[in-house]
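Data block below; observations after.
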Amino acid sequence: MSNSSTTWLWLLATALSVLMAALAFGFHLYQRRRFAAAMDDASDVADLAARKSALMADVDILRSWIGEQQQNLLKLQGEREEQERVRAELTHLQQSLAEGKETRQTLAEQTTELENRRATLTQTLDDLRHQLNEVESKKLEEATARVTALNTKIQVLDSEISAREERLDQLRKESADLTETLEEMRGAKEALTLARSLDSLRLEVAEAKTTAARVVELKAEQTALVTRNQFLENEIDDRKSAISPLKQTISRMKTWLEQIQPKLAAESTKLDSLRDEVSGLEARKASLTLEVERWKAELAHLTAPEGESSIFEAGPAGLSPGEFALTSCDPDEGDLLRQLKQTLQREGHYFPSRVIDAFHTALKCQSINPLTILAGVAGTGKTLLPLRYAELMGLYSLVVPAQPRWETLQSMFGVYDHREKRYKASDLSRALVRLDPYNYPELDRGNVSLRDRMLLILIDEMNLAQPEALSELLSRLELRRLVETPDKAAKRAQAELEIDTGPGGRRLRVWVPDNVLLVGTINDDKIVRPLFDKMMEHANVMRFGRPDDQALIRPIRYGAGAQESFLPAEAWRGWLKGPDGGWYMDEVKSWSIALNQSLDRIGRPFGFRAQQALALYVANYPEVGSGDRHRLAFADQLEQKILPRLRGLEVRDPSVSSVLQQFGALIQRLGDKPLETTFSQAREASGKVGRFLWPGVTRRLDEGE
């Protein structure tokens, strides 16, 4: 019985060991599965190889465990052989019992005991055999299943390793391509550095050429002065010799005058009589002209529909002929701008010279950018600047407050009152029909014609209106530059505005001439809708930043008022210049192309029209061509049209970061220190919020003077 107990204990210990090993192995596999499930698809080939090595180690562990179980099975087989030996010994004892009859009884008892022991051992042996067979079969099946599963996983891992190796080869190839691209970019960087050096050399060559040309001019002037001096000396000698005949001629003339004096007196009397008669005729003509105008007005009132009469009856107060003297002035552009700046400074208004130059240039570019926008917080002078500019430059002005009800272009020109059944025209429509040089000749008042003068229309707080109304207006105005012969109705029709005077009235067509300048203001108070993005393509946008500290302590002293004489439209047109010519244009063109290429990489390039507008702005900048004035003009366009395109970009994006770096390098080269400082601060602030913000440049009062 002791052997049986030992066997059972050994079997129980073996079973527990097997169970513990199975639990440990199962937990190990569970952890491996969790680890495998948590692995990212981007794990590289080294991780997969490590997983394969770990699983191969598990296979080795299982194989070791199977070997141990086989040794245990051998031990069980040894015990079974021991039982066979005991059975053989029992048989031997039975044979001895048969031979010794004397000990039969003893042997019989022993035999009975042995038989019982034999039966017990046989039963135990059968049970052990059965259990051994079950354990062996079960363990072999489990081991076989685990080995099969592991082999399957190993095959899957092998396939994954193969796929990862292929991906690794592909990544290596892409890395080689990127390396080659990097080398190309380094070459491009060297080329850019060379190009910048070339630009600097071009500038030096241009300056040298200018100096050489000036030297040649001075030499030519010197030669001309010498020749002129010699000519004058010869002419003096000639005139000295001609004095004597002239004295004789004068004497003869005096005699002739004494002879015709009586005739002159008679003719003078007759001339006075004729003058009196002409004065009477002119007075009669003026009276008849007033009478004709009165009859024309009454006839227009009687024949025009009621809706149209509200447009033609009276013009807006801002177009009163008596606002300026009837005499026109033809001043020098630079002199008039200097007078404007000096007057504003005497009055204490905060408008740096750079800001005034930029505003004046933006107005001169209205052929391609028909709108100039002044944007910023309230109280920075956005409304004051255009009004004082108009008064001091000799321009008429009309303030049109924007309305939220402006949903279409028609709503800007007036509204039809259904209760009164009458169209009520706005000041904007009244002004435009009076400056139309083609469609309404009857409104031209002869020597007091408003069509020879300039008009500045200020749409105040324009972002109160709906975007569609202003967009349609700007689209029509921009089409004007495509009309080569506006005096022909069919040609100018595509660029004319239409005014619908309501039921019973006709649609009036209006051509907006180039002596009408359009300005708009936008308050950045985060209450009204922003029109900035929609207007940028059609406008020059000037952002008014926080005023300089000097402006906070300057007293305001209002001046005497407007210019005495009006500025003729022809004088204004004489100030306008085309985008061609100028030694600086090659440099401006290279900067423009480089910027557009950078913007194209981040999906925000500008079109051909914007390039034309940029060149036109630089060409019309005051005193451009002297010194570095073209650099300041280009810096203005960066501030007004280019930098706003970067708003909202993710600054952590490597492409955006590279573009911002290129912009910073160009701004530093342009020499605009306030713009450079503001751009640097904007980059730093944008890095904190993650997106690029552009606040506008704060300029000092003495800047640009």
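Only one of the listed residues (LYS364, LYS421, LYS382) is within 12 Å of GLY520 (Cβ to Cβ) and in the same structural domain as GLN342 (by TED's automatic domain parsing). That residue is LYS382. Which pairs have Cβ atoms under 9 Å, sit 6 or more apart or on different chains, and link a residue in the range 77-88 that is over 20 Å from LEU11 (Cα atoms) to one that is of a type outside the set (A, V, I, L, M) and surrounded by 10 or more Cβ atoms within 10 Å (Cβ to Cβ)? Matching pairs, first to second residue: VAL86/ARG117; VAL86/ARG118; ARG87/ARG118; ARG87/THR122.
Conditions tested, residue by residue: (1) touching a residue at least 60 places away in the same chain (Cβ under 8 Å); (2) touching a Leu at 6+ places or on another chain (Cβ under 9 Å).
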| residue | (1), (2) |
| --- | --- |
| ILE356 | no, yes |
| LEU387 | yes, yes |
| SER411 | no, no |
| ARG419 | no, no |
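Listed here are the helices (runs of 4 or more DSSP H) enclosed by the range 604-676 that have at least 3 residues being touching a residue at least 12 places away in the same chain (Cβ under 8 Å) and over 18 Å from the mean Cα position of the chain (by Cα): 608-619, 629-637. In summary, strands (runs of 3 or more DSSP E) completely within the range 426-529 and bearing 2 or more residues that are closer than 20 Å to LEU409 by Cα and modelled with pLDDT under 90 occur at 497-500, 507-510.
Going through the range 389-409 one residue at a time, which ones are in contact (Cβ under 8 Å) with a residue 12 or more places away in the chain, charged (D, E, K, R) and over 24 Å from LEU435 (Cβ atoms)?
At the first step, the residues of the range 389-409 found to be in contact (Cβ under 8 Å) with a residue 12 or more places away in the chain are 389-404, 406-409.
Then drop every residue that is not charged (D, E, K, R), which leaves 391, 407.
Answer for the range 389-409, where residues must be in contact (Cβ under 8 Å) with a residue 12 or more places away in the chain, charged (D, E, K, R) and over 24 Å from LEU435 (Cβ atoms): just GLU407.
The numbered conditions (1) in contact with a Pro (Cβ under 9 Å, 6 or more places away or on another chain); (2) at pLDDT 80 or above are all true for ASN540 except (1). Residues in the range 326-345: is at least one at pLDDT below 85, assigned by TED's automatic domain parsing to the domain that holds TYR416, touching a strand residue (DSSP E or B) at 6+ places or on another chain (Cβ under 6 Å) and exposed (fewer than 15 other Cβ atoms within 10 Å of the Cβ)? There is at least one residue in the range 326-345 that is at pLDDT below 85, assigned by TED's automatic domain parsing to the domain that holds TYR416, touching a strand residue (DSSP E or B) at 6+ places or on another chain (Cβ under 6 Å) and exposed (fewer than 15 other Cβ atoms within 10 Å of the Cβ).
If you go through the range 677-695 and keep only what is more than 16 Å from the chain's Cα centre (by Cα) and crowded, with 16+ Cβ neighbours inside 10 Å, you end up with just THR678.
In the set GLY561, GLY603, GLY607, only one residue is modelled with pLDDT under 85 and either in contact with a Pro (Cβ under 6 Å, 6 or more places away or on another chain) or not assigned by TED's automatic domain parsing to the domain that holds MET393 (or both); that residue is GLY607.
The values are calculated or read from the model by the stated rules, or taken from the named source; none is laboratory data. Please read these numbers as outputs of a predicted model, since none were measured by experiment. Heads up, the Cβs are rebuilt from the backbone with ideal geometry, glycines too, and the neighbour counts pull from every protein chain shown.
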